Every structure is written in structure tokens, then in C-alpha cells.
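What follows is one structure encoded as C-alpha cells, with my remarks underneath.
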Amino acid sequence: MNKIVIIGCGNVGMSYAYALVNQKCPVDELVLIDKNHNKAEGEAMDLNHSIPYSPNNIIIKAGNYSDCKNAKIVMIAAGANQNTGETRLDLISKNLDIFKNIIKQVMNTKFNGIFLIATNPVDVMSYITYKYSKLPASKIVGTGTSLDTARLRYILSKKFEILPQNVHAYVLGEHGDSEFVAWSSAMIGSVKIDTLLSESEKSQISKEVRESAYKIIEKKGNTSYGIGMCLVRITNAILNDENAIITVSAFDKNIYISSPCIINRKGIKRRLKIELTLKEQEFYNKSRAIIEDTTKNV
């Protein structure tokens, strides 16, 4: 039985839940946990009323931490929101204690599934989950730059007037201000994008990807639909044992950082090594140093 538990019924958690209901996902049971139990109950009721028009017949309910015991995936979206003018790294102090408490309660149930982390700063929160859950690193998957990669592919698809699915390009590093596009390996079909764009165009696109979240937050207060779809994509890769390649935040030496990874029912099967130019390697090293600096005191 494929049970998913969502901890945190805010914009991200419920966008994920709604996307799960709308897509044909191999999910049998969906449990919602929130510090406001009435909200979780209301969300479950609302989602249940969509089931007659859903491709899935999912059991949906509000629950508690005891429901985590036999869950395949526990997705954490709980924590403070990123406000206008804040970076993702500004959220560490707000979310550290929240996460420690959540992980302790989940692990008290003998949970042995996969943690899927969406709370920002997601690289640091994924590491905290790994550190305090004491589960194998492969069982902690952060959404990382999966959303940034989706934004990049969307922008490039519009520019070249092709399907986004035919764009093969990745955003690497921190899910934050130090992220970067690996242009040297970016492809449209079998054509290298490096040959199709000027340095100025690449710089502008990278900036647009990096600043997308700030612009959305300024206009509507949060980002939710994009990350909800990323979470479903990762979920399907896990539950369908796909061996899919997705840019997620995964353990690398002493931190969590994003690169393309193979995802299957065991979580992160392995990281893929992308050949970077010297300049791209500098970007990666800088991003890594920022994550290391913010992770060392948690």
C-alpha cells in the first residue's frame, strides 16, 4: 500500500496534495498533518469531494504522527514562509527547531520510508533531516533545484518554441542565490544550447530563473504550484521505481546540494557527475561553500 503523509498544510503542502489527486499517481492513502488540526480536516474534506472526478480513488484524511509508521513517503512542507525581501537562507533560524521536533516525532513511529523535503532553505533542511533521523542519506530527498530546472526549461521552450520536455538543461548547486545553469551540457534535442545563445542571452536567462521566486512572492506572497508539481514528479519516480533523472538535493560528502540524480523506490540511487567548465566549477564550488557555511552550525 502506497501511503503518503504530508506534514504542513500550507500553500506548498496543499498544492502537492491537489496535484497528487489530479494526476494518475500510484497513491492509495494520503494523510494530512498540521499544527492546526482543524485546517487539516477541512483540507481533507475538500480534497475528498474532488475524488469523483479524479483518476485515482485515494483515501484522504487528517491524521497524526502515528500515521507515519508505515508510510512510503513523508513529505515535509512545514515551516516559516519566505517573506518579501528575505532570502531562503534567512529561514534557517526560524525552521531549525520546527524541523527537529517534526523529525523526532516521525522517527518515534519507527518510520523507515523516504523523507521528501520542500521546506526552505531546502539544502540545509534536507541535511537536518538526515542528521536527526539517522536514516541512510539515500532516503532523504530534497526538492533542490528541480523547480529552478523546470523554470529554466520553460523559459527556453518559449524562446525556441518547442516542448519543454525536449529541453535538457539543469540548474545546479544551492536552491538559492548561488545556483547556476550548467550551460556547457544544456541541449535541445541533440543541439548544444551554447551554440544558439549569446553570453548576454544566457546571463539574462540565468538571472530570470534565479529571480523568479522573488518576483512571484512579491506579486502573490508565495510560490506553490511549481513546487507542487516537482514534488509529484519526484513522488512518481519513487513509487513507480522509475530510475528517473531529476535535479534534487542529495547528500555529497558533508552537505546536501543539487545535481542530477537517479531516483527510484529506494530514494536516491546515485548522483550523476556532469562535466563542468572551469567557470562552472567555480560557480559550483562557491555554491557548495555557502551551503557548508550555513550547515555547519545545525
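Bear in mind these aren't lab numbers, they're just calculated from the coordinates by the rules spelled out. Because the structure is predicted, anything quoted here is derived from the model rather than measured. Cβ sites come from the backbone with ideal geometry, for glycine too, and all protein chains shown count toward neighbours.
The table below gives the values:
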{"quantity": "Given K94/K220; K192/K215; K94/K134; K104/K269; K100/K296; K158/K207, the pairs whose alpha carbons are separated by over 19 Å", "calculated": "K94/K220; K192/K215; K94/K134; K104/K269"}
{"quantity": "Separation in nanometres of the label points that stand 7 Å from Cα toward Cβ, at T195 and S93", "calculated": "5.2"}
{"quantity": "Formal net charge of residues neighbouring V31 (Cβ-Cβ distance under 9 Å; K, R +1; D, E -1)", "calculated": "0"}
{"quantity": "MRE, 222 nm, helices only [DSSP H, n ≥ 4, -39500 (n - 2.57), over the chain, to nearest 500]", "calculated": "-13500 deg cm²/dmol"}
{"quantity": "Under the Karplus curve 6.51 cos²θ - 1.76 cosθ + 1.60, θ = phi - 60°, whole-Hz ³J(HN,Hα) for segment 258-273, x wherever Gly or Pro sits", "calculated": "8, 7, x, 10, 8, 10, 9, 5, 8, x, 8, 6, 5, 7, 9, 8"}
{"quantity": "Estimated distance in nm for a label pair at K220 and N254, the labels positioned 7 Å out from Cα along Cα-to-Cβ", "calculated": "4.0"}
{"quantity": "Karplus-derived HN-Hα couplings along segment 45-56 (A = 6.51, B = -1.76, C = 1.60, θ = phi - 60°), whole Hz, x at Gly and Pro", "calculated": "4, 4, 5, 4, 6, 8, 4, x, 10, 9, x, 10"}
{"quantity": "Rounded to 10°, Cα long-axis angle of helix 278-295 versus longest principal axis of the chain", "calculated": "30"}
{"quantity": "Between 0 and 90°, nearest 10: helix 11-22 axis offset from the chain longest Cα axis", "calculated": "80"}
{"quantity": "Alpha carbon centroid spacing (whole Å) that separates segment 5-77 from segment 92-138", "calculated": "19"}
{"quantity": "Charge tally in the Cβ shell below 14 Å around Y53, where Lys, Arg are +1 and Asp, Glu are -1, Y53 excluded", "calculated": "0"}
{"quantity": "Set K110/K266; K131/K253; K39/K69 screened for pairs whose C-alpha atoms are more than 20 Å apart", "calculated": "K39/K69"}
{"quantity": "Candidate aspartates and glutamates for bridging to K3, where Cα separation is under 13 Å - those fewer than 8 sequence places away on the same chain excluded", "calculated": "D28, E29, D67"}
{"quantity": "Cα long-axis angle, helix 122-133 against the chain (0 to 90 degrees, to the nearest 10)", "calculated": "40"}
{"quantity": "Which of T247, T295, T145 has the fewest Cβ neighbours within 10 Å, and the rest in rising order", "calculated": "T295, T247, T145"}
{"quantity": "Relative exposure of T277, T235, judged by other C-beta atoms within 10 Å (fewest first)", "calculated": "T277, T235"}
{"quantity": "Difference of contour (0.36 nm per residue) and Cα-Cα distance, Q105 to I274", "calculated": "57.1 nm"}
